[in-house]
Amino acid sequence: MQLQQIDKVRYRKHLNMASVMATAILIAFALFYGQVLIHFFAVPDGNNFKLNLAGVVLGVFSLLIAFNLVRKHPYLKEVMYVWDLKQENNKIYRKLHHIKSALKGSDNNDKTVNIDAITILNYYYAASKQQYNLDNNTLTMETLTADIAKLDALITEKQLTINVDDYNVALLKQF
């Protein structure tokens with residue numbers, strides 16, 4: 001997945017609207033299904049909790065189906081890009097310990113350099129920085145900036161040319 005420039009204001013506006021719409025649609029579906037189930041299956045003076053719960057579950061399934069139908073809409077382009085970016089970061093995060101372990105050998109004065117580990121980390125840090133900026137996550141930005149500086153120093157020290165566009169998901173298979 002290649003990193004793209006995203007307008008933060010537009011992304012936040014579209015994310016907020018998508019969240020509000022998803023909530024409204026879920027409420028509407030849950031109420032509709034709940035009322036239909038109560039109409040057909042309720043017993044007089046009975047507890048309808050299970051029927052209402054079934055209505056909510058059916059509402060969630062209906063919302064997921066509706067979301068799959070509209071996820072490629074141009075209005076959701078930025079929202080879906082960030083969604084995919086977070087999924088890609090999560091794939092890397094699950095293997096981050098192994099990637100950093102492979103990088104430890106590159107830190108030493110030995111001649112071996114794990115370019116794949118450096119490429120993955122370079123992408124991960126750039127993607128995380130973009131994600132944090134878009135989501136207004138300033139709490140972990142200092143740590144991330146320090147990690148980026150360490151990686152940049154290693155790349156400079158080893159005289160490597162690493163580009164964010166060099167990353168692809170196939171690099172993760174070896175870790």
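Pairs please, first residue from region 93-110 and in the same structural domain as Gln131 (by TED's automatic domain parsing), second anywhere and at pLDDT below 90 and among the β-branched types (Val, Ile, Thr), Cβ atoms under 8 Å, 6+ apart in sequence or on different chains.
The qualifying pairs are Gly105/Thr112; Ser106/Thr112; Ser106/Val113.
Out of Lys13, Lys72, Lys91, I need the residue that is over 20 Å from Gln130 (Cβ atoms) and of a type in the set (D, E, K, R). Which one? Lay out the reasoning, then the answer.
On the way: Lys13 fails: over 20 Å from Gln130 (Cβ atoms); Lys91 fails: over 20 Å from Gln130 (Cβ atoms).
That would be Lys72, the only listed residue that is over 20 Å from Gln130 (Cβ atoms) and of a type in the set (D, E, K, R).
Any idea which residue in region 40-98 is nearest to Asn122 (Cα to Cα), counting only those that are loosely packed, with under 14 Cβ neighbours inside 10 Å and of a type in the set (Ser, Thr, Tyr)?
The qualifying residue nearest to Asn122 (Cα to Cα) is Tyr93.
Give all pairs with beta carbons closer than 8 Å in which a residue from region 161-175 that is touching a residue at least 24 places away in the same chain (Cβ under 8 Å) meets a residue that is of a type in the set (Lys, Arg); count only pairs at least 6 apart in sequence or on separate chains.
Cβ pairs passing all conditions: Val169/Lys91; Leu172/Lys91; Leu172/Lys95; Phe175/Lys95.
All but one of (1) modelled with pLDDT of 95 or more; (2) on the phi > 0 side of the Ramachandran plot hold for Asp45; state the number of the condition that does not hold.
Answer for Asp45: the failing condition is (1).
Would you point out the residue of region 151-168, among those that are among the charged types (D, E, K, R) and surrounded by 14 or more Cβ atoms within 10 Å (Cβ to Cβ), that is farthest from Ala117 (Cα to Cα)?
First pass over region 151-168, keeping only residues among the charged types (D, E, K, R): 152, 157-158, 165-166.
Filter once more, so that each one left must be surrounded by 14 or more Cβ atoms within 10 Å (Cβ to Cβ): 158, 166.
Working: Lys158: 14, Asp166: 12 Å.
Applying the filter and picking the extreme gives Lys158.
Name every residue in region 118-150 that is small (Gly, Ala, Ser) and surrounded by 12 or more Cβ atoms within 10 Å (Cβ to Cβ), in order of residue number.
Ala126, Ala127, Ser128 - these are the residues of region 118-150 that are small (Gly, Ala, Ser) and surrounded by 12 or more Cβ atoms within 10 Å (Cβ to Cβ).
Please list, ordered by first then second residue, the pairs with beta carbon atoms under 6 Å, 6 or more apart or interchain, first in region 112-128 and within 17 Å of Ala149 (Cβ to Cβ), second aromatic (Phe, Trp, Tyr).
Tyr123/Tyr167
The values are calculated or read from the model by the stated rules, or taken from the named source; none is laboratory data. Computed from a prediction, not measured in an experiment: that's the story for all the values here. Virtual Cβ from ideal backbone geometry, glycine too; neighbours counted across all protein chains shown.
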